[in-house]
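Okay, so here's the structure we're looking at.
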Amino acid sequence: MSHFSKQDELVSNESANPTFSQLIEARLSRRQLLGGSAAATLTGLFGGMSSLAEAASKTAKPPMPMKLTALGFTSVPFSTEDRVIVPQGYVAEVIYAWGDPVGIAGNMPAFKSDASNTAEEQAVQAGMHHDGMRFFPLPFGKEDSTRGLLCVNHEYTDPGLLTTDGNGKMTEAKYRKAIAAVGMSIIEIERQKNGSWSVVRPSRYARRITADTPIALSGPAAGHDLVKTAADPTGREVLGTLQNCANGWTPWGTYLTCEENFDLVFCDNSQASDHDFNVKRYGVAAEEKLNKWAEIDLRWDRQIHRNEINRFGWVVEVDPYDPESKPVKRTALGRFKHEGATPAVAKDGRLVIYMGDDQRFEYIYKFVSAGKFNPKDRKANRDLLDSGTLFVARFNEDGTGEWRELTQGKNGLTADKGFASQGELLVKTRLAADVVGATKMDRCEWIAVNPHNQGELYATLTNNSQRGADGKAGPDAANPRKNNLFGQILHWLEADADPAATTFKWDLFAKAGRPDTDKEEHRNAGYKGDAFGSPDGLYHDHNGVLWIQTDISTSTLNTKEYAGMGHNMMLATIPATGEIRRFLTGPAGCEITGISFTPDHKTMFINIQHPGEPANELSDPAKPKAISSWPDGAAGGRPRSGTVAIRRLDGGIIGS
Ligand code: FEO
Ligand code: CA
Ligand code: CA
């Protein structure tokens, strides 16, 4: 999100964890330390390790990787046009925008472009602010590329656009509409003969999950006193999921939706002496001025309901193939401002989930399941994410790294430090990570696993203007730039190429930036090709292409250090080539996010989030189209976030 970037960018981590201030530039040469990762990457890419898709399906063979050695499209230039621009030979079509009916039989209200749809209508329409996303072929187990389910996150709302009178006085009706506009969608989509995609309506799979949907809490923190409330004395059922940012998936065909900036809907105006870790370490403010949910429903007010907040900040597992299934918050994966949750299968079959915590100076985590993934019996994997070990990353200055275990009773995580049980530790994950000496990162966004060498990873670190500021952590090896406005992409190899390893080697794949600056800290380095900044979405496709999406905040877009760089964009690289090429530019005021492919890689789905967002990140209801009228153009009443299907006119593989 660029939204509330001020909040993303706040610092809640005042711990004294290491910063390695003396090391800086030498790190780009780190690539040599990995034994020439270019060559290693090429052999690693198609080295024969079975992919998640292969592992998931015994009945169908996935398409053979293309083994791309070069990108096949011409770079698109920076753009300030209010539309999606893709390379020549490609077409981009909007298939599912905010307010479009999700497709529930007998209940498919049309979007009203003056924002007058009711809360009840919103609850069966696309939510706002599309983010993480995943395509699941239909039926389960078949690698079909013409029909499937799309899970789409709806991260948050712009109150200035959501209702006819914008962010004025909060009312019950407005609150209920906001609650219904977040969470996620499950839609059924199919490819037409001409290659275009459309939503199947009605569909038995069509579903919205909102901030009001009953969701189970499971794993070690479920039932703990810290997650019990007056409404749920068992601590095992939460109403809703929210701030659903990036995503993950499992090899057994479930979707993972990740709760990021959950603090933003809560307030805590208790006395300072009563402040707990949620204020001190998770950033809850005394007053919540934007959403104002607590004005209507006291469950968002921490002075009244102390523990409701502890039931948010988790990864939620959803089964898109079973419309009756109850989503589950998997507490074993830790509680923080989750960006995404990217899976890898360890050499012995355990499932590993990589996760970033997107706030300045927060950490990178991974979860390793106790049990093994069973590719033959989908149901056997149902609760695999409930037991396992959580780790946090330490990036050493010499290019080595360690995963430090976050288990109660180990590594100093004892009752006298405030971790009396694993459940308590997980609710306070950030505090546990402080104790074990994790490395403070420049806002980790998405993590991408190479599907053909699952011990090889990339992560986007979007930016951190506070790096090196007075009283803040200085540059270190993995976060080498002071006043880091452009961000970097980190690369690492787990020991023995095994995602379950506890040590790794790492280097910087690229420092984002621009060549035409006299400020060294803003200059791109480590790759050749196009300028970009604030990398966010990241996905390693089956053919060897790493896709990068940007989220430059709207207060920065095309101004200041980003002047002349236009709107947010998407780029591609085949890592071994060291070249990054711009593939797409978005409409005004948006960020580019969410990325998934059909199994044949002939359709790519992306999301355009918050088109038209002004620099202050709150739209003016009197002038909703002041900045963008995407996607509806002159005929529409306001900009809308939307899912876009991208394909080649000749039906070829995307990127080749
Ligand atoms: Fe929801 Fe870190 O972006
Ligand atoms: Ca993001
Ligand atoms: Ca971001």
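Just so you know, all these numbers are worked out from the coordinates, no wet-lab data involved. Treat the numbers as computed from the prediction; the structure is a model and nothing was measured. Positions of Cβ are generated from backbone atoms using ideal geometry, with glycine treated the same way; all protein chains shown enter the neighbour counts.
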*Hey, if you put +1 on the Cβ of every Lys and Arg and -1 on every Asp and Glu Cβ in the stretch 373-467, which of 432, 444, 381 ends up farthest toward the positive end of that dipole?*
381
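Going by how many other beta carbons lie within 10 Å of each one, how would you line up 218, 185, 113, 553, fewest first? Don't skip to the answer; put the middle values down first.
On the way: 218 20, 185 27, 113 15, 553 23.
Taking fewest neighbouring Cβ atoms as first place, the list is 113, 218, 553, 185.
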_Bin width 10 Å, origin at 0, all Cα-Cα pairs of the chain: what percent of pairs per bin?_
3, 17, 30, 29, 17, 3, 0
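Counting other beta carbons within 10 Å of each residue's own, what order do 428, 289 fall into, fewest first?
The order, fewest Cβ neighbours first, is 289, 428.
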*Set of lysines near residue 417 by C-alpha distance (under 17 Å), chain-local residues within fewer than 8 positions excluded*: 280, 428
*Cβ under 9 Å from residue 229's Cβ, residue 229 left aside: what net charge do those residues give with Lys, Arg +1 and Asp, Glu -1?*
+2
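Regarding the stretch 152-296, what's the average projected area of the Cα-atom convex hull, expressed in nm²?
Values: hull surface 49.1 nm².
Dividing the Cα hull surface by four gives the mean projection, 12.3 nm².
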*Quick one: how many lysine pairs does the stretch 505-640 have with C-alpha atoms less than 27 Å apart and a gap of 8 or more or different chains? Give me the count, please.*
10
_Alpha-carbon centroid distance for the pair the stretch 127-198 / the stretch 595-656, whole angstrom_ = 12 Å
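Please get the size of the charge dipole for the chain, origin at its Cα centre, with Cβ charges of +1 on Lys and Arg and -1 on Asp and Glu, quoted in debye to the nearest 20. Provide the component values of the computation, followed by the final result.
Working: 74 positive and 82 negative charges, 220 e Å.
I would put it at about 1060 debye.
Provide the packing ranking of 591-597, 403-409, 350-356, 146-152, i.e. peptides ordered by the mean count of other C-beta atoms within 10 Å per residue, highest first.
Final packing ranking: 591-597, 350-356, 146-152, 403-409.
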*Please give the contour-minus-distance gain from residue 91 to residue 374: 0.36 nm per residue of separation, less the Cα-Cα distance, rounded to one decimal in nm.*
98.0 nm
_Tell me the mean residue ellipticity at 222 nm calculated for the chain from its helices only (DSSP H runs of n ≥ 4, each -39500 (n - 2.57), averaged over every residue, nearest 500)._
-2000 deg cm²/dmol
*Quick one: order 170, 565 by neighbouring beta-carbon count within 10 Å, fewest to most.*
170, 565
*asked:* Output needed: percent of Cα pairs per 5 Å distance bin for the stretch 434-501, bins running from 0 to the one holding the longest distance.
replied: 4, 17, 21, 20, 18, 11, 7, 2, 0
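Provide Rg over Rh for the stretch 224-308; use the alpha carbon set for both Rg and the Kirkwood Rh (inverse mean inverse pair distance).
The Rg/Rh ratio comes out at 1.02.
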*Take every Cα pair under 8 Å in the stretch 161-229 that's 6+ residues apart, average their separations, divide by the length, and report that relative contact order as a whole percent.*
27 percent
*Quote the FRET efficiency, to the nearest 0.05, computed for residue 415 versus residue 616 with a Förster distance R0 of 51 Å and r equal to the Cβ-Cβ distance.*
0.65
_Of 192, 533, 323, farthest towards positive along the dipole that unit charges on Lys, Arg, Asp, Glu beta carbons give the chain_ = 192
*What percentages, rounded to whole numbers, describe P(r) for the stretch 358-450 computed over all alpha carbon pairs with 5 Å bin width beginning at zero?*
3, 13, 19, 21, 18, 13, 9, 4, 1
